[in-house]
Amino acid sequence: MKNDVSLAKREKLRSYDNFAFDLYGTLIQMKTDEEGLAFWAKFAEVYAVYGADYTAAGLRAKYKQLTREEEKKLIEQTGCEIPEIKLETVFLRLLTEAEKTHPTAHKADIAGTAYHLSNAFRYLSRERMKLYPYVPELLTLLRDQGKKVYMLSNAQAVFTVPEIEQLGLPPYFDDIFLSSDIGMKKPEAAFFERLIAKHSLDPEKTAMVGNDYEADMGIALACGTGGVHINSDRLTQRDKAAKRAMIAGKYRTGAENITDVASIKELYELIL
C-alpha cells in the first residue's frame with residue numbers, strides 16, 4: 001500500500017509543468033524576533049543615529065500603529081482584502097514623524113535612509129537564515145526536466161531580494177513575485193492569478209508549493225491549481241486533515257489536488 005501511495009504521488013508531481021514556490025518556511029529556514037524589547041532597543045539606537053529618539057516600547061508601538069494605518073490606506077485604495085504594504089514607508093514615517101528628535105547631519109538622502117533602516121530592521125531581528133536541505137538539487141532537477149519554476153512569496157522585497165541573492169536563489173527562477181511589490185499577499189487569489197496570466201500557465205499543469213495550508217494551499221484551491229504541502233512545521237496527520245477540511249470548506253472544493261510531502265528532500269526524491 002505504501003508503494004502504491006508513493007507511486008501515485010510521483011505520477012501526480014511529475015505531471016506538473018509549472019511550480020510556484022513559497023519562500024520562507026519552504027525553501028529558506030528563517031527565524032526572526034520582531035517582538036522582543038531587546039530587539040527594539042537596538043533598533044531604537046539605529047533611529048537615534050538619524051536624529052529620531054524612541055524608547056524600545058515606544059518604537060514598537062509606533063511601528064505597529066503606522067503599519068495598521070498603511071494597511072488601511074492600501075485597502076481603501078485597492079479594495080484588496082489581504083494587503084501587503086511596503087514597510088519602507090513605515091520606516092520612513094518613523095523617522096520623519098518622530099515626536100522627539102535631536103539635530104543630526106544624516107537626513108539628506110531620505111529615500112536611501114529608509115532603505116538602510118529597512119535592512120537594519122531585518123538584520124537585527126534575524127536569528128537564523130539558511131536553505132533547507134536539497135533546495136538547490138530540487139530546483140536544478142526541475143529546470144533540467146524543462147519545468148518552469150517561479151517564486152510566489154508573502155515577503156517584503158526590501159528584505160527578500162538581498163536574502164535570496166545572498167543564498168544564490170535568483171538564477172533558478174523564471175520569475176519572482178513578492179507580495180510587497182504587488183500590494184497583496186496569499187491567499188488573495190489575484191496574487192497568483194497575476195503570475196498565471198503573465199506566463200499563460202495552465203492551472204491544471206501548475207502546482208503551488210508551500211508550507212502553509214491557509215496561504216499556500218488555500219491560494220492553490222482558489223486558483224484551481226495543484227498544491228504541494230511541505231510539512232516543515234511537522235504537523236500531525238490529524239492537524240493536516242483538519243486544515244485540509246478547513247480550506248476545502250472555505251473554497252467550496254475538494255482537496256484531492258493537494259499532495260503532502262514531509263520535506264523538500266522527499267519532493268526531490270519523488271520527482272527524480
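No value in this document is a laboratory result; all are computed from the given coordinates. Model, not experiment: these values are computed from the prediction. No Cβ is skipped: glycine too gets one built from the backbone with ideal geometry, and neighbour counts run over all protein chains shown.
Quick notes on this structure:
- Single match in LEU141, LEU131, LEU201, LEU169 (criterion: buried (at least 21 other Cβ atoms within 10 Å of the Cβ) and of a type in the set (A, V, I, L, M)): LEU169
- The numbered conditions (1) of a type in the set (A, V, I, L, M); (2) out of contact with any helix residue (DSSP H, G or I) (no Cβ under 9 Å at 6 or more places or on another chain); (3) within 22 Å of TYR24 (Cα to Cα) are all true for VAL49 except (3).
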